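Data first, discussion second: the structure below is written as structure tokens.
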Amino acid sequence: MPDVRLTTPSFLVLGIIDKLGEASPYDVKIEAARTVAPFWSVPHAQVYAQCDRLLQAGLLAEVRREGGRNRRLMRVTEQGARALRGWLDDPAFVPVEARERGILKLWFGASPGTHAPVQITEHTRALDAYESLAASVGELLTRGQREALEFGIRYERMMVDFWHWVADRDPGDNSA
């Protein structure tokens with residue numbers, strides 16, 4: 001088995017397949033969009049590439065479903081389960097990689113008066129959706145899932161607060 005460098009997307013794929021028991025790359029893509037996309041996006045092509053890499057490394061095993069489209073189903077091997085457990089147990093800090101397009105636009109001189117109202121509306125919409133989800137299924141989530149949802153709620157609250165602060169600043173104030 002080749003030695004492969006595992007990345008966060010590698011563990012995302014391992015984690016989803018582990019939770020589902022077995023899954024096709026398409027199933028992984030759908031489950032990622034349904035569950036972790038609000039706080040960790042992964043391009044669809046990367047899901048397929050990761051599945052192939054993990055299969056080659058022996059961290060996933062593949063079974064072909066007979067009939068129909070001869071669909072590939074993968075499951076986590078014992079070696080893959082050990083790698084996933086090791087990653088889950090590793091407390092190492094990795095700095096947040098913020099990718100907020102509105103913030104980048106502000107950096108390069110975009111008009112706060114133009115962007116703040118849209119950002120406030122959209123972040124409020126996301127906050128309302130998270131709070132609604134927490135109210136409707138919060139009791140059904142695992143502790144980790146509920147904590148991830150709480151992160152989304154707190155993040156959106158912070159972004160709404162931030163964009164209100166941007167909108168309320170004096171337009172002529174260019175100081176820090």
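The values are calculated or read from the model by the stated rules, or taken from the named source; none is laboratory data. The structure presented is a predicted model; accordingly, all values stated were derived computationally and were not measured. Cβ: placed from backbone, ideal geometry, glycine included. Neighbour counts: every protein chain shown. Heavy atoms of the whole protein, side chains included, go into the accessibility calculation; ligands, DNA and RNA do not. Shrake-Rupley method; radii C 1.70, N 1.55, O 1.52, S 1.80 Å.
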ASP128 vs. criteria surrounded by 10 or more Cβ atoms within 10 Å (Cβ to Cβ) and within 25 Å of the chain's Cα centre (by Cα): yes
Give the number of residues within region 118-140 that are among the polar types (S, T, N, Q) and either touching a residue at least 24 places away in the same chain (Cβ under 8 Å) or touching a helix residue (DSSP H, G or I) at 6+ places or on another chain (Cβ under 6 Å) (or both). 2
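Per-residue answers, yes or no, for (1) free of Cβ contacts under 8 Å to residues at least 12 places away in the same chain; (2) exposed (fewer than 15 other Cβ atoms within 10 Å of the Cβ):
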position	(1), (2)
ALA116	no, no
THR142	yes, yes
PHE162	yes, no
ARG169	no, yes
Please tell me if GLY152 is in contact (Cβ under 8 Å) with a residue 60 or more places away in the chain, open to solvent by less than 70 Å² (accessible area, probe 1.4 Å) and touching a His at 6+ places or on another chain (Cβ under 7 Å). no
ALA45 fails exactly one of (1) open to solvent by 40 Å² or more (accessible area, probe 1.4 Å); (2) without any contact (Cβ under 8 Å) to a residue 60 or more places away in the chain; (3) not in a helix (DSSP H, G or I), namely (3)
